Amino acid sequence: MDKVAGMQIFVRVVETGSFSKAAAALGTTQPTATKAVAEAEGRLGVRLLHRSTRGVTPTEAGSLYYERCKLITRDVEEAENIAALLQKAATGTLRISASVAFGRRVMAPLVLRYMREQPMLQVDLSFDDRYVNLVEQGVDLAVRMGRLADSTLGASYLGTNPWMLGAAPAYLSRRGRPRSPGELAAHDCLIYSSVQGDARWLFHGASGEDESVPVKGPLRSNNLSAVLAACEAGFGLAVLPWYVARDSVAAGRVVPLLEGHALPSQEMHAVFPSPKLVPQKVKSFIAWLQAQLQDGWWQRAP
């Protein structure tokens, strides 16, 4: 028997003055209670209880041991109650990780809205385009784009992240508007290297055919904000997530192109350290986030 369980039994024996009453209160047997106290006495090398036909009373050493055990068992109960409360309620600190562009443009405003709805929750929000080890860095939840690799992490599907092809009006006035994916070879293209690493853009036509187009141009960057800025400045065509391009399209700084040819959408997932015993704060936020990332979310300001 572990020491804490033994202490709990000893405390109840002293308080009830009886092995049988302590056992009944704790849902165990009298022999188990007797053995627990005997093990403690053997380990400590001191008698803790006076035993008689009228019951049991603590010795001098037993009284001192009882006072300390009572404090220890109470602390253990409080710790378990706190852990259970955190598992059942959206409280404590929620540590969230996301990519820089998605985090700044989408997650930050959504998280602020969620915090207003959950005033008992604290949030630690971090942005990083590099792979984040959730367990090593103590992250409760990360939003990841694209198909997930097999792992021991837990995951929940959030929705899709659609992409678009666009260019600035100044560029189109100077170079003309492409009418098909095949014409992109004659255009300056701005390459987002984190996705289009091989400088090929894949389009899905209205009639069902796929077309992979090799592209080149004056800029290659792993930062979506840099690609968007170059696109708005008229340096070339860019493939961008709709959530990045939305405000620029609405303001007329970027014009959508080849709208009859769809670009692949990315899957979005919330991933968390383990699929087992997921804290309520994580489950609650995922459910809320799923509701926000549906029905054309990329067209709405968060």
Query raised in the report: If you take the residues of the stretch 165-215 that are part of a helix (DSSP H, G or I) and charged (D, E, K, R), which of them is surrounded by the most Cβ atoms within 10 Å (Cβ to Cβ)?
Result: ARG175
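Does LYS281 fit the bill of being within 22 Å of the chain's Cα centre (by Cα), of a type in the set (Lys, Arg) and crowded, with 19+ Cβ neighbours inside 10 Å? Outline the logic, then answer.
Details: within 22 Å of the chain's Cα centre (by Cα): yes; of a type in the set (Lys, Arg): yes; crowded, with 19+ Cβ neighbours inside 10 Å: yes.
Taking the combined requirement at face value, the residue satisfies it.
Going by the structure shown, is VAL11 touching a residue at least 60 places away in the same chain (Cβ under 8 Å) and either within 19 Å of VAL76 (Cα to Cα) or not aromatic (Phe, Trp, Tyr) (or both)? Before the answer, list the steps.
Values: touching a residue at least 60 places away in the same chain (Cβ under 8 Å): yes; either within 19 Å of VAL76 (Cα to Cα) or not aromatic (Phe, Trp, Tyr) (or both): yes.
Considered against the rule, which asks whether it is touching a residue at least 60 places away in the same chain (Cβ under 8 Å) and either within 19 Å of VAL76 (Cα to Cα) or not aromatic (Phe, Trp, Tyr) (or both), VAL11 comes out as yes.
Does the stretch 8-44 hold any residues that are small (Gly, Ala, Ser) and open to solvent by 30 Å² or more (accessible area, probe 1.4 Å), and which are they? Can you show your working first?
Here is the first cut: in the stretch 8-44, the residues small (Gly, Ala, Ser) are 17-18, 20, 22-25, 27, 33, 36, 38, 40, 42.
Listed by number, the residues that qualify are SER20, ALA24, ALA25, GLY27, ALA38, GLY42.
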Query raised in the report: Is there any pair linking a residue in the stretch 269-283 that is over 20 Å from TYR131 (Cα atoms) to one that is basic (Lys, Arg), with Cβ under 6 Å and at least six apart or on different chains, and which?
Result: GLN280/LYS88
Query raised in the report: Out of all the residues in the stretch 150-164, is one or more part of a helix (DSSP H, G or I) and either among the charged types (D, E, K, R) or surrounded by fewer than 12 Cβ atoms within 10 Å (Cβ to Cβ) (or both)?
Result: no
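Quick grid of which residues meet (1) under 30 Å from ARG175 (Cα atoms); (2) touching a helix residue (DSSP H, G or I) at 6+ places or on another chain (Cβ under 9 Å):
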{"position": "GLY205", "(1), (2)": "yes, yes"}
{"position": "SER225", "(1), (2)": "yes, yes"}
{"position": "ALA230", "(1), (2)": "yes, no"}
{"position": "VAL255", "(1), (2)": "yes, yes"}
{"position": "MET268", "(1), (2)": "no, yes"}
{"position": "GLN280", "(1), (2)": "no, yes"}
{"position": "LEU289", "(1), (2)": "no, yes"}
**Report entry** The one condition in (1) surrounded by 14 or more Cβ atoms within 10 Å (Cβ to Cβ); (2) without any contact (Cβ under 8 Å) to a residue 24 or more places away in the chain that ILE286 fails to fulfil
**Finding:** (2)
Query raised in the report: Which residues, counting only those in the stretch 228-269, are in contact with a Lys or Arg (Cβ under 9 Å, 6 or more places away or on another chain), more than 17 Å from HIS187 (Cα to Cα), open to solvent by 10 Å² or more (accessible area, probe 1.4 Å) and in a strand (DSSP E or B)?
Result: GLN266, GLU267, HIS269
Report summary line: Out of (1) surrounded by 13 or more Cβ atoms within 10 Å (Cβ to Cβ); (2) touching a Ser or Thr at 6+ places or on another chain (Cβ under 7 Å), the one LEU134 does not meet is (2)
Requested in this report: Exactly one condition in (1) within 33 Å of the chain's Cα centre (by Cα); (2) of a type outside the set (A, V, I, L, M); (3) open to solvent by less than 70 Å² (accessible area, probe 1.4 Å) is not met by ASN222; state its number.
Outcome: (3)
Query raised in the report: Which ones in the stretch 138-149 are surrounded by 12 or more Cβ atoms within 10 Å (Cβ to Cβ) and either in a strand (DSSP E or B) or free of Cβ contacts under 8 Å to residues at least 12 places away in the same chain (or both)?
Result: LEU141, ALA142, VAL143, ARG144, MET145
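The values are calculated or read from the model by the stated rules, or taken from the named source; none is laboratory data. If you're wondering where the values come from, they're calculated on a predicted model, not measured in any experiment. Heads up, the Cβs are rebuilt from the backbone with ideal geometry, glycines too, and the neighbour counts pull from every protein chain shown. Calculation scope for accessible area: heavy atoms of the full protein, side chains included, ligands and nucleic acids excluded. Shrake-Rupley method; radii C 1.70, N 1.55, O 1.52, S 1.80 Å.
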